[in-house]
Structure formats: structure tokens, C-alpha cells
Amino acid sequence: MDEIRDAILADELDAVAALPVPGSYRAVLVRKDEQDMFEGLSTKEKDPRKSLHVEEVPTPELGPGEAVVAVMASSVNYNTVWTSIFEPVSTFGFLERYGRLHDLAKRHDLPYHVVGSDLAGVVLRVGPGVNRWKPGDEVVAHCLSVELEDPAGHDDTMLDPQQRIWGFETNFGGLAELALVKSNQLMPKPAHLTWEEAAAPGLVNSTAYRQLVSRNGAGMKQGDVVLIWGASGGLGSYATQMALNGGAIPVCVVGSAEKAEIVRSMGAELVIDRSAEDYRFWKDADTQDPREWQRLGKKIRELTGGDDVDIVFEHPGRDTFGASVYVAKKGGTIVTCASTTGYLHQYDNRYLWMNLKRIIGSHFANYSEAWEANRLIDKGLVHPTLSKVYPMEDVGQAACDVKGNLHQGKVGVLTLAPREGLGVKDTAKREKHLAAINRFRGV
Ligand code: NAP
């Protein structure tokens, strides 16, 4: 592995291609025999530092249409938090089901699950049938894994009945020194970014793109008022940039004065600090308070000069969904991709049907949407929102930061890269965007 790392660091990419693929590698994983370890504990008490391990594992056999990538850096997504606390279900069920699909898929059903749904690195080997990518290519990977044997997946690959999120519903994820991906997950690494910066946006940036911009999501247009929950978080920090780029009017909701400063520094002018406002949408565990929804609506109108919300960018779920449905304008859209605070939502349906609002479900992105989202990064129109970077050994702490909402934007993880700041090829472009790239660093 050291030879591979050294060749990449020396930018000898032809030499990388000639090196043998190691028979084993270090990876971040959860163990099947520990999947009940948190039984009886509350979500708050479940500690990813106890369940995420860094271990040496055998390199999987390379199949047709696949690539083995030497991973220089990866990042923590919320799905790794879910895997690490075995909520809402243990991800070993996904691996067992996938393993029953066909012979090659059986490789994924193991007593351990290598997690991680982002990477930046260098292709080491490609399997039969791969023409577009070759060993030595510098890449990032999106996390959509599809089989595409069913006609249903051919209009929009997210609709493939065998659609999976790599590193969450499949094994051999990106939080490791090597990763196994399908070649149609690969995309070019933006040359002006370091390894850890390039690995940060993938999953959340692509998800935000489909959810907010794509016609498969809310189809945002110029002048739309977009309410963005968690506007400085993983998804929200990209949604905010897309709203600003696309001529929309983001109303950014954040949980502290520091986070309000960050979204202002990105160019957002309309910001709501939900902790300062102290919204109490729930009177008790079962009852919401519509007066609090009204208070939020009034605040939004104050900020927008009287406009209501065209699109609500939803992901907190149970805590906020009632308010989100209420504040969307007549004919407006609530687009949701998650339920961090609980998936059994409660809202007053009268506001939805009488006001012809729509709720749209959105999930990750198809290859073409992920490619567009990566292109925005490459063009310097959207920037990584990396705030902190951990070595692979400290991945448990990195996941704890995200679980505890102690982070901003994205949290990176170095895998093969020995330190931060490596991998930049286009220094002129980097210089041009440096302030924006560094906006989240050290906050
Ligand atoms: P994140 O980085 O933790 O950001 C979420 C933000 O939500 C936090 O920064 C927090 O911001 C805000 N938030 C938390 N609790 C809240 C509450 N009770 N009320 C209002 N806002 C709250 O996570 P992420 O990466 O953005 O992911 C968010 C969710 O989306 C996770 O559940 C994740 O699994 C899911 N997700 C789904 C997909 C998909 O494809 N379906 C893709 C990516 C992520 P403030 O404290 O500043 O308000």
C-alpha cells in the first residue's frame, strides 16, 4: 500500500497502474457480531466510537464493470452515523439481501461492513467491460449503485428496483484505503481541490442537486423563495449555494449565531437562527402548536418583504415537517429526502390540499445529476464546505461530531493521504476560489 501511496504522492500515475493490487487493506467497518451492542440504549447514548473499527480486510475480487480505487480521502455522511448506531435498522440486512441477488453480489454479504459513501483517489484496476476509465485516473465516486437489468431503471436510474447506496447498502465503501465501485460511479476529480476537499461534496451535493434543482426534485427557478433547514449542514450548505447561484432567494435556517455567520459569509442575506427564535413546534410528544408555525411564517414574510415560500428543502423530518407544510405558499413544494428527527411525520393536511401544495420525495441522484453536481464543483460554481478533517483512526470521533450536530458543512477523513493539502493540480484555479473553498475551515 505504501508503494501505491508514494507513487500517487509523486504524481507518477503510470507507475500506480503498474503496481500490484494489495491483497488486503485497512478499512472502517462495523461488525455483524456487534449489531445488537446498543440494544436498550436511547439514540443519544449510542456512541459511534464504540462500533466503528479500523481493521485490515481482504481486497474483494474485481468483477465486470467495476473498478478498484486507491482512496486518498473520504468524508463522513449521516448514513455512516446511521450504520454505526444500527438505526433505524442494521445495515447487515441490506448486505444479506444484496448477497442473494447474484453470484458477484454475494461478495458483499460478509460478517463486517466497510462503510463510507464518498471518495477521492486514483483508479488502480478496472474490470472487464470498462472503457471510459483506466488505472491512473484521478477520480471521485458518487454513491449510486444500480444493476439496470430491469426496464424500470432506464428513464431515471434512481428508479432501478436494484438501486442501492454504495457504502451503506453495499459493502466495500469509501472510508478505507481501497474501495470497490461500479465504473459508472466514477467522475473526474476537480483539479483545483485537495484530496479531502474533493471527497467532501459527493453525496450531499448530488442529493441537494436532485432535491432542489433537478426536474426530478423541486425544479427550482429564478426568484423562488427557498426555505433551507440546516443551511450550514451537509445538505444545506450545498442547497444554499445552489439557491444563490440559481437566482433563487434562500431563507436559511440555522441553529446558532456562528452558523448564521457562516451562511451570511456564503452570500445568504435572509437567515433565521432557530435557537434564538426558540421555536416550539411541539407542545408535547404528540401535539403540535400551529401558532408556532405561524410565528415562523411571519418571520419568513418579514425577511422576504412579504413573500411566502415556494420550496421547502426538508430533511429534519418529524420536528419540522408540520411547520414546513404550513409555511409553503399556495401551490408550493415541500421536497424531502430524510427524517433525521423521526420518520413518522405529522402535518395538518388541510393546509396541503386546500392550498394545492405538493410533497415530493427525493433520494440521492442519478449518474447524470451527480455528474452535473460534480461539474458545478469543478467549475468553481459550488465549493466544498469542509470544516474539519480527521485521520482514519479517529473516524469514530468524526462520526460523533456529525451525530451530535457539533460540526459545520462536511467532516473529512484522510485514508491514504498522509496529511491535508495534497492533490492539487490546478493552482491558478484554486487561487481564484481559495476564499470560498476555505470558508468553512476552522469554524
Ligand atoms: P447534517 O450535516 O447533520 O446537517 C443537518 C442539519 O439539520 C444540522 O446542521 C442542523 O442544523 C439541522 N437540524 C438538526 N436537527 C434539527 C431540528 N430538530 N430542527 C431543525 N433543524 C435541525 O446532516 P446532512 O448531511 O445534511 O443530512 C441530513 C439528513 O439527510 C440525515 O438524516 C441524512 O441521513 C439525510 N440524507 C439523505 C440523503 C438521501 O439521499 N436521501 C442524502 C443525504 C443526507 P442547525 O442545528 O444549524 O439548525
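Sort Met266, Met392 by heavy-atom solvent-accessible area, probe 1.4 angstrom, most to least.
Working: Met266 25, Met392 0 Å².
Largest to smallest exposure gives the sequence Met266, Met392.
In what sequence, largest accessible area first, do Phe94, Phe313 appear using a 1.4 Å probe?
Details: Phe94 40, Phe313 0 Å².
Of Phe94, Phe313, the descending order of accessible area is Phe94, Phe313.
May I ask you to give the percent of accessible area on region 218-361 that is carbon plus sulfur, with a probe radius of 1.4 Å?
49
Identify which of Ala18, Ala323, Ala239 has the largest mean-square fluctuation in a Gaussian network model of the chain, with springs joining Cα atoms closer than 10 Å.
Checking each option, the largest mean-square fluctuation is seen for Ala18.
Kindly flag which residue pairs out of Lys182/Lys357; Lys357/Lys379; Lys330/Lys403; Lys388/Lys429 have an alpha-carbon separation exceeding 27 Å in this structure.
Values: Lys182/Lys357 38 Å; Lys357/Lys379 35 Å; Lys330/Lys403 35 Å; Lys388/Lys429 22 Å.
Exceeds cut-off: Lys182/Lys357; Lys357/Lys379; Lys330/Lys403.
What trypsin sites (Lys or Arg not before Pro) in region 252-294 are in a loop by DSSP, with at most 12 other Cβ atoms within 10 Å of the Cβ? Before the final figure, lay out each step's value.
Values: sites: Lys259, Arg264, Arg274, Arg280, Lys283, Arg291; in loops: Arg280, Lys283.
Counting only loop positions with at most 12 other Cβ atoms within 10 Å, the trypsin sites (Lys or Arg not before Pro) in region 252-294 are Arg280, Lys283.
When DSSP beta bridges are limited to those with both residues in the chain, what percentage is antiparallel, rounded to the nearest 5?
Working: 35 of 60 bridges.
Here the share of antiparallel DSSP bridges comes out near 60 percent.
Hey, can you grab everything whose amide H is under 5 Å from the amide H of Val413? Only 5+ residues off in sequence or another chain; H modelled, so Pro and N-termini drop out.
Close amide H contacts, sequence-distant or interchain: Ser74, Ser75, Val76, Tyr390.
Nearest 500 deg cm²/dmol is fine: what mean residue ellipticity at 222 nm does the chain get from its DSSP H runs of n ≥ 4 alone, each adding -39,500 (n - 2.57), divided by its residue count? Walk me through the numbers on the way to the answer.
Numbers: 16 runs with 134 residues, N = 443.
Per the formula, -8500 deg cm²/dmol.
Can you give the % of DSSP beta bridges in region 218-361 that are antiparallel, to the nearest 5?
Values: 1 of 21 bridges.
Bridges in region 218-361 are about 5 percent antiparallel.
Angle between the Cα long axis of helix 427-437 and the longest principal axis of the chain, 0 to 90 degrees, nearest 10?
With rounding to tens, the tilt is 40 degrees.
To make sure I understand the rule: partners must be aspartates and glutamates, Cα under 16 Å from the Cα of Lys46, and not fewer than 8 residues away in the same chain. Which ones qualify?
Straight-line reach from Lys46, under 16 Å: Glu34, Asp36, Glu87, Asp401.
Only sites in a loop by DSSP and with at most 13 other Cβ atoms within 10 Å count here; which trypsin sites (Lys or Arg not before Pro) in region 1-103 make the cut?
Details: sites: Arg5, Arg26, Arg31, Lys32, Lys44, Lys46, Arg49, Lys50, Arg97, Arg100; in loops: Lys46, Arg100.
Those satisfying the criteria are Arg100.
Test of the criteria: in region 265-312, which GluC sites (Glu not before Pro) are in a DSSP loop and have at most 16 other Cβ atoms within 10 angstrom of their Cβ? Could you put the intermediate results ahead of the total?
On the way: sites: Glu269, Glu277, Glu292, Glu302; in loops: Glu269.
Sparse-neighbourhood loop GluC sites (Glu not before Pro): Glu269.
The values are calculated or read from the model by the stated rules, or taken from the named source; none is laboratory data. These numbers were taken from a predicted model, which means no experiment stands behind them. Every residue, glycine among them, receives a Cβ derived from its backbone with ideal geometry; neighbour counts consider all protein chains shown. Accessible surface areas use protein heavy atoms only, side chains included; no ligands, DNA or RNA. Shrake-Rupley method; radii C 1.70, N 1.55, O 1.52, S 1.80 Å.
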